[in-house]
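Worksheet: the structure to be examined is printed underneath.
The values are calculated or read from the model by the stated rules, or taken from the named source; none is laboratory data. These figures come from a predicted structure and were not determined experimentally. Positions of Cβ are backbone-derived with ideal geometry, glycine not excepted, and every protein chain shown enters the neighbour counts. Areas reflect the complete protein model, heavy atoms only, side chains present, ligands, DNA and RNA absent. Shrake-Rupley method; radii C 1.70, N 1.55, O 1.52, S 1.80 Å.
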Amino acid sequence: MLFDEKFRRPDGIQRLVKELWDISQETGPIRLMEICGTHTMAIAKAGLRSLLPPSIQLLSGPGCPVCVTPAGAIDEILRLSGLPGVILASYGDLLRVPGSVRGDTLLRRRALGAQVQTVYSPMEALEIAVQHPDQEVIFLGVGFETTAPGTAACILEAKEQGASNFSVLCLLKSTEPALRALIHAPDFAVDDFLCPGHVAVITGSDAFAFLPREFGLPAVVSGFEPADLLFSIYRLAEMLRQKAPALENEYTRLVCPEGNPAAQSAMERVFLPTDSLWRGLGTIPNSGLALREAFSPWDAAKKFGFSPSPTVELAGCQCGEVIRGACRPEQCPLFGRVCTPADPVGPCMVSGEGACAAAYRYQT
């Protein structure tokens with residue numbers, strides 16, 4: 001209702017901006033973190049930072065799936081691309097992410113002859129396996145709770161079809177454990193959270209209730225239009241002014257408190273929690289999703305082996321710091337000089353949801 005009545009009218013936006021400037025006079029500096037890569041890009045594209053008072057700082061968190069995938073995992077994926085008779089199927093962003101050697105990407109490997117295909121869904125990868133029964137097809141399953149249900153449904157379908165030449169390299173991660181690790185980090189300095197609407201469609205808004213309940217941090221589940229984001233930022237600032245941290249769901253058009261039971265059921269049936277390594281955050285207990293034993297025949301890690309090494313990041317790249325909100329993209333010494341979208345060094349410049357790509361495209 002707020003969206004229909006106010007957000008489409010310029011005077012409603014102007015009132016929100018004025019309120020934010022008034023609030024900033026009372027609260028002092030506010031460090032707000034969005035934890036969704038789509039929010040990061042939407043904020044930059046709409047130029048929202050230019051509307052806000054200087055004391056309200058927007059930080060990007062660990063919300064870009066390919067950005068948080070560590071270099072060691074990319075190295076292992078590159079190894080898999082060299083196996084004979086193997087087709088790798090992946091979302092497009094992952095093809096340009098380098099491992100521990102700059103410039104060594106799936107895109108380069110494909111140019112050199114590796115069988116690497118871009119897909120828009122895991123079901124498309126399964127179709128490739130059906131069409132090529134004499135070859136092994138590995139789907140690179142990256143993402144958070146947003147993409148996990150589709151991956152789970154694909155694995156269930158592969159089992160139903162008996163597609164023995166299809167498997168999934170499960171690199172899926174969970175949002176809550178990452179936020180807890182971020183909050184417990186010694187350099188954590190965030191006042192409130194803009195929570196991801198896409199994830200909350202699956203998990204429900206209540207999945208973020210731990211932020212105010214356990215840590216006293218205001219949280220708002222937001223949509224993706226500029227006015228969604230501006231109103232959510234206003235509510236976060238107002239909660240800080242009132243010293244009344246709570247969880248609010250601004251994205252009621254699509255998000256309900258309990259989420260999507262069918263999607264959650266598919267995830268529960270196929271996956272179980274496992275420790276996972278995150279770029280910038282290290283190993284976080286129970287932050288990844290692994291295939292249950294019943295689905296071992298479709299588990300690429302068991303089928304082909306998968307042992308990422310704790311590789312050192314490329315020299316000078318500060319993607320890990322950007323992901324934690326400890327560094328803004330433009331503070332990285334490589335940003336816009338050595339590292340550009342045309343010749344990226346780190347994943348935050350590669351991804352369409354990366355903080356560095358957003359800053360380069362819309363803020364410089």
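Per DSSP H run of n ≥ 4, the term is -39500 (n - 2.57); total these for the chain, divide by its residue number, and report the mean residue ellipticity at 222 nm rounded to 500 deg cm²/dmol.
The per-residue figure over the chain is -11500 deg cm²/dmol.
Residues of the stretch 191-222 with backbone nitrogen within less than 15 Å of a virtual label 7 Å along the Cα-to-Cβ line of Glu258, please, listed as ranges.
What the label zone holds, given the 15 Å backbone N cut-off, is 202-207.
Report the Cα centroid-to-centroid distance between the stretch 180-257 and the stretch 39-108 in angstrom, as an integer.
Taking the Cα centre of the stretch 39-108 as reference, the centre of the stretch 180-257 is 23 Å away.
Mind giving me the FRET efficiency for Ala185 and Gln131? R0 is 45 Å, r the Cβ-Cβ distance, nearest 0.05 is fine. Intermediate values should be presented prior to the final figure.
On the way: r = 46 Å, r/R0 = 1.02.
Efficiency at R0 = 45 Å is approximately 0.45.
Can you tell me the orientation of helix 10-27 relative to the chain, as the angle in degrees between its alpha-carbon axis and the longest Cα principal axis, to the nearest 10?
The helix 10-27 is inclined about 80 degrees to the chain.
What number comes out for accessible area per residue over the stretch 90-227 if the probe is 1.4 Å? Units Å², please. Kindly include the intermediate steps, with their values, before the conclusion.
Numbers: 5170 Å² over 138 residues.
I get 37 Å² per residue for this part.
If exposed trypsin sites (Lys or Arg not before Pro) are those in a DSSP loop with at most 15 other Cβ within 10 Å, what is the longest stretch of the chain that has none? Provide the component values of the computation, followed by the final result.
Numbers: sites that count: Arg8, Lys243, Arg253, Arg292, Arg337.
It runs 9-242.
Compute the accessible area per residue over the stretch 264-316, keeping the other protein chains in place, probe 1.4 Å, unit Å². Numbers along the way, then the final one.
Details: 2780 Å² over 53 residues.
In whole numbers, the stretch 264-316 has 52 Å² accessible per residue.
Checking the a/c ratio against 1.5 first, then a/b against b/c, what shape does the Cα gyration tensor give for the stretch 221-328?
Here the stretch 221-328 falls in the oblate category.
Compute the angle between helix 226-242 and the longest alpha-carbon principal axis of the chain, please, reported from 0 to 90 degrees and rounded to the nearest 10.
60
Stick to Cα atoms and the Kirkwood definition of Rh, then tell me Rg/Rh for the chain.
Numbers: Rg = 20.7 Å, Rh = 21.1 Å.
Ratio of gyration radius to Kirkwood radius: 0.98.
Whenever you get a sec, compute what percent of the accessible area on the stretch 247-364 sits on carbon and sulfur atoms (1.4 Å probe). Present the calculation step by step, with values, prior to reporting the outcome.
On the way: 3070 of 5720 Å².
Answer for the stretch 247-364: carbon and sulfur cover 54 percent of the accessible area.
Out of the GluC sites (Glu not before Pro) in the stretch 202-298, which ones are loop residues according to DSSP with at most 12 other C-beta atoms within 10 Å?
On the way: sites: Glu214, Glu238, Glu248, Glu250, Glu258, Glu268, Glu293; in loops: Glu250, Glu258.
Counting only loop positions with at most 12 other Cβ atoms within 10 Å, the GluC sites (Glu not before Pro) in the stretch 202-298 are Glu258.
Computed FRET efficiency, Cβ-Cβ of Gln242 and Lys302, R0 56 Å: what is it to the nearest 0.05?
Details: r = 52 Å, r/R0 = 0.92.
Rounded to the nearest 0.05, the efficiency is 0.60.
Taking the Cα atoms only, what angle lies between the long axis of helix 175-184 and the longest principal axis of the chain, rounded to 10 degrees?
60
From the residues Gly223, Ile233, Phe210, which one has its Cα farthest along the dipole of the stretch 174-234 in the positive direction, the dipole being from +1 and -1 charges on Cβ of Lys/Arg and Asp/Glu about the Cα centre?
Value: Phe210.
According to the square roots a ≥ b ≥ c of the eigenvalues of the Cα gyration tensor, what is the shape class of the stretch 248-298, taking rounded for a/c under 1.5, prolate for a/b larger than b/c otherwise, and oblate for the remainder? Walk me through the intermediate numbers first.
Numbers: a/c = 3.57, a/b = 1.34, b/c = 2.67.
Cα axes put the stretch 248-298 in the oblate bin.
Just the accessible area for Asp343, please: 1.4 Å probe, Å², rounded to the nearest 10?
For Asp343, solvent-accessible area is about 80 Å².
From the backbone phi of the stretch 112-119, what are the Karplus-calculated ³J(HN,Hα) couplings (6.51 cos²θ - 1.76 cosθ + 1.60, θ = phi - 60°) in whole Hz, Gly and Pro given as x?
Taking θ as phi minus 60°, the curve returns 8, x, 5, 8, 10, 10, 8, 10 Hz for the stretch 112-119.
For Thr340, what residues show an amide H to amide H distance below 5 Å, using hydrogens built from the backbone and excluding near sequence neighbours?
For Thr340, whose amide H was placed from the backbone, the distant partners under 5 Å are Val345.
Taking the Cα centre of the chain as origin, work out the dipole magnitude from +1 charges on Lys and Arg Cβ and -1 charges on Asp and Glu Cβ, in debye rounded to 20.
Working: 31 positive and 39 negative charges, 146 e Å.
That gives the chain a dipole magnitude of about 700 debye.
Taking θ as phi - 60°, what are the ³J(HN,Hα) couplings along the stretch 80-92 by the Karplus curve (6.51, -1.76, 1.60), each to the nearest whole Hz, with x for Gly and Pro?
These are the phi-based 3J(HN,Hα) values: 4, 5, x, 6, x, x, 10, 10, 9, 10, 8, 4, x Hz.
Amide H to amide H under 5 Å from Gly259: which residues, 5+ apart in sequence or cross-chain, H placed 1.01 Å off N in plane?
Answer set, sorted by chain and number: Gly204, Ser205.
Amide H of Leu59 versus every other amide H placed in the peptide plane: which residues, excluding those fewer than 5 positions away on the same chain, fall under 5 Å?
Leu32, Met33, Glu34
How far apart, in nm, are the 7 Å Cα→Cβ label points at Arg361 and Leu156?
3.3
Can you tell me how the stretch 66-202 classifies by the Cα gyration tensor, rounded, prolate or oblate, using a/c under 1.5 as the rounded cut?
Oblate is the answer for the stretch 66-202, as a/c is 1.5 or above yet b/c matches or exceeds a/b.
Please work out how much accessible surface Thr340 shows to a 1.4 Å probe, ignoring ligands, DNA and RNA, in Å² rounded to 10.
30
Could you please put Ser24, Ser307, Ser55 in sequence from largest to smallest accessible area, using a 1.4 Å probe? Please list the in-between numbers first.
Details: Ser24 10, Ser307 90, Ser55 35 Å².
If we order Ser24, Ser307, Ser55 from most to least accessible, we get Ser307, Ser55, Ser24.
Counting only protein chains, not ligands or nucleic acids, how are Tyr362, Tyr251, Tyr234 ordered by accessible area (probe 1.4 Å), most first? It would help to have the intermediate numbers written out before the result.
Working: Tyr362 80, Tyr251 20, Tyr234 40 Å².
Of Tyr362, Tyr251, Tyr234, the descending order of accessible area is Tyr362, Tyr234, Tyr251.
Per-residue accessible area for Phe210 at 1.4 Å probe radius, Å² rounded to 10?
Rounded to the nearest 10, that gives 10 Å².
With a 1.4 Å probe and every protein chain kept in, tell me what percent of the accessible surface of the stretch 65-202 is carbon plus sulfur.
Values: 2650 of 4910 Å².
Answer for the stretch 65-202 is 54 percent, counting heavy atoms of protein chains only.
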